[in-house]
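The values are calculated or read from the model by the stated rules, or taken from the named source; none is laboratory data. Just so we're clear, the structure is a prediction, and the values are computed from it rather than from any experiment. Cβ atoms come from the backbone with ideal geometry, glycine included; neighbour counts cover every protein chain shown. For the accessible areas, the whole protein counts, side chains as well, though only heavy atoms, and no ligand, DNA or RNA atoms are used. Shrake-Rupley method; radii C 1.70, N 1.55, O 1.52, S 1.80 Å.
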Amino acid sequence: MTARLLDGKATAATIKGELAERVKALANRGITPGLGTILVGDDPGSQIYVAGKHRDCAEVGITSIRKDLPDTATQADVEAAVDELNADPACTGYIVQLPLPRHLDTQALIERMDPAKDADGLHPVNLGRLVHMVDAPLPCTPRGIVVLLQRYGVPIKGAEVVVVGRGITVGRPLGLLLTRRAENATVTLCHTGTQDLASHVRRADIVVAAAGVPHLVTADMVKPGAAVLDVGVSRVDGKIAGDVAPDVREVAGFVAPNPGGVGPMTRAMLLANVVEAAERH
Ligand SMILES: Nc1nc(=O)c2c([nH]1)NC[C@@H]1CN(c3ccc(C(=O)N[C@@H](CCC(=O)O)C(=O)O)cc3)C=[N+]21
């Protein structure tokens, strides 16, 4: 038996179709959602991601506003771009593409954003709202993971979930999202200080691997029938490797591969955050 595919690419395509309908409804109210991106420098990966986000916008009917700065941009230059998007009524949501060049203060830039326009859901005010469980834009990858599981009917209520990785974009907010009353999962957050990772993963109904360590989760660690979602990407000898070993699919009940799993869902949730910000107008 091989695991059922949690097809993020197909699910994201369905969600984009649904968002296109909501964008049409907004047009009838005279509102056009607009996504802004701030990209600093010429990292090839970041260039590809940002280009992908603008393509997604075009598909759904969202206007996009691109601010590309050279890697020589100063803190004041990037702050000026943030201030412009905060003030621009055509921009209903935006992101600052991460990682930024090392000479820039990422934290100060994120805190300078208007929390109402934070399409990533990573502004401290919005992460704080997630802790307080009040309505706010949600971090895209955690939200994408929850929606992917829901659309495949993987039970979340009462499930034992092991999240591997405590990063700000995935692991930490995912724990907060899954332990809300609506989701009601029991979450164990594992990280590099975890003593015996295998003993935790073995008990999990759902495993989310977001540590950035190639093939960290192996078949012998996985409970038969569990859902395993691969969120890690690393480059090993020029090839892309996820956090989940390939043979896990022979043990798991569901697998979200990388690529084709959580990545496309992250992008779809970015669009959802922009549409929802426009709907709140
Ligand atoms: N402010 C900010 N917000 C982000 O959300 C953000 C960021 N910075 N910096 C970089 C990471 C990475 N990230 C990905 C999203 C989708 C795919 C994705 O869709 N990947 C495809 C394959 C690649 C493709 O289709 O182009 C897949 O998994 O199937 C990958 C990576 C968002 N990030």
Tell me, what ³J(HN,Hα) does each residue in region 79-93 have, in order and in whole Hz, if you take phi through Karplus 6.51 cos²θ - 1.76 cosθ + 1.60 with θ = phi - 60° and put x for Gly and Pro?
-> 4, 5, 5, 4, 4, 5, 5, 4, 8, 7, x, 6, 9, 8, x
In nm, spacing of pseudo-spin labels at I31 and A13 (7 Å Cα→C-beta vector) = 3.0 nm
From DSSP H assignment alone, runs of 4+ in the chain each adding -39500 (n - 2.57), the sum over residues rounded to the nearest 500 puts [θ] at 222 nm at -12000 deg cm²/dmol
On the protein heavy atoms, probe 1.4 angstrom, tell me the percent of accessible surface of the chain carried by carbon and sulfur.
-> 54 percent
In the structure displayed, which of K53/K117; K67/K239; K24/K53; K67/K117; K16/K53 lie more than 21 Å apart, Cα to Cα?
-> K67/K239
Considering only L178, L26, L229, give the residue with the highest GNM mean-square fluctuation for the chain, with springs between Cα atoms whenever their separation is below 10 Å.
-> L26
Straight distance only, please: which aspartates and glutamates reach the Cα of K157 with their own Cα at less than 13 Å, same-chain residues fewer than 8 apart left out?
-> E183, D205
Förster radius 22 Å - calculated FRET efficiency between H54 and Q150 (Cβ-Cβ, nearest 0.05) = 0.20
State the answer as a single residue: which of V40, V134, T92 lies farthest towards the positive end of the charge dipole of region 1-152, with beta carbon charges of +1 for Lys and Arg and -1 for Asp and Glu, about the Cα centre.
-> V134
